[in-house]
Amino acid sequence: MLRATNLAKAYAGTGKTVRALEGATFNVAPGELVAVQGPSGCGKTTLLLIAGGLLKPDAGQVLLVGQDPYALSPDARARFRAENIGFVFQQFHLVPYLSVLDNILAPTLARPAENANERATELARRFGLADRQDHTPGELSTGERQRTALARALLHKPQLLLADEPTGNLDEASGKIVLGHLAEFTKAGGAVLLVTHDPRAAEYATRTVRMEGGRITS
């Protein structure tokens, strides 16, 4: 599903270069939930952004379902992401003036889908949001916002989910619900790459990858 080989990425800082990734190699197969853990600043989020076709590496290669997204034009790469990848972030990135249902439907702005309204309604029901689908994000609990973001990520039936600290703002109960949904996605044949500090993630992950100083250490 995802194959990354010898990834390197550096950022120009004030008076010095920060090497965020150095020689990172890893794979994620269908049915796997791979948790990436390590201290802040070790390169976890950079790894996730490169894996998702959002940040071009300085060196190395990413293959998503056999395709190098960075070999595509920017427009084609955006379509490829929309068709194959769902993103879930700690800050949710919901549109504040749209309802829950319209937030779930937001990916159709980039890529139309048949029966999108019916699928969005079904996702709202599955994530316990049926009675909240006309509410805006400001009227939701933190856990409900994250479940809305996860439903949005699943609208186009992606093969891969990339999640960056999705439980970072959640209480224990809400965090377990989100992790449970990610695990359910892998049991249906999907793949998840999860960046997290949450120790509970180990209970749901099929494999844990450790990072230190831009390198994968285990």
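The table below gives the values:
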| quantity | calculated |
| --- | --- |
| Of the criteria (1) farther than 25 Å from Leu105 by Cβ; (2) at pLDDT 90 or above, which one Ala173 fails | (2) |
| All positions within the range 25-41 that are part of a strand (DSSP E or B) and either surrounded by fewer than 20 Cβ atoms within 10 Å (Cβ to Cβ) or without any contact (Cβ under 8 Å) to a residue 60 or more places away in the chain (or both) | Thr25, Phe26, Asn27 |
| Thr45 being surrounded by 13 or more Cβ atoms within 10 Å (Cβ to Cβ), among the hydroxyl-bearing types (Ser, Thr, Tyr) and out of contact with any Phe, Trp or Tyr (no Cβ under 7 Å at 6 or more places or on another chain) | yes |
| Qualifying residue in the range 106-114 (condition: assigned to a helix (DSSP H, G or I), touching a residue at least 40 places away in the same chain (Cβ under 8 Å) and either hydroxyl-bearing (Ser, Thr, Tyr) or under 18 Å from Ile177 (Cα atoms) (or both)) | yes |
| Residue check for Ala124: among the aliphatic types (A, V, I, L, M), surrounded by fewer than 17 Cβ atoms within 10 Å (Cβ to Cβ) and not in a strand (DSSP E or B) | no |
| Hits in the range 157-200 (condition: closer than 18 Å to Ala82 by Cα, assigned to a loop (DSSP other than H, G, I, E, B) and of a type in the set (D, E, K, R)) | Lys157 |
| Residue in the range 8-24 that is under 16 Å from the mean Cα position of the chain (by Cα) and outside any helix (DSSP H, G or I) present | no |
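The values are calculated or read from the model by the stated rules, or taken from the named source; none is laboratory data. Values in this document were obtained by computation on a predicted structure and should not be read as measured data. Neighbour counts run over all protein chains shown; Cβ positions are idealised from the backbone, glycine included.
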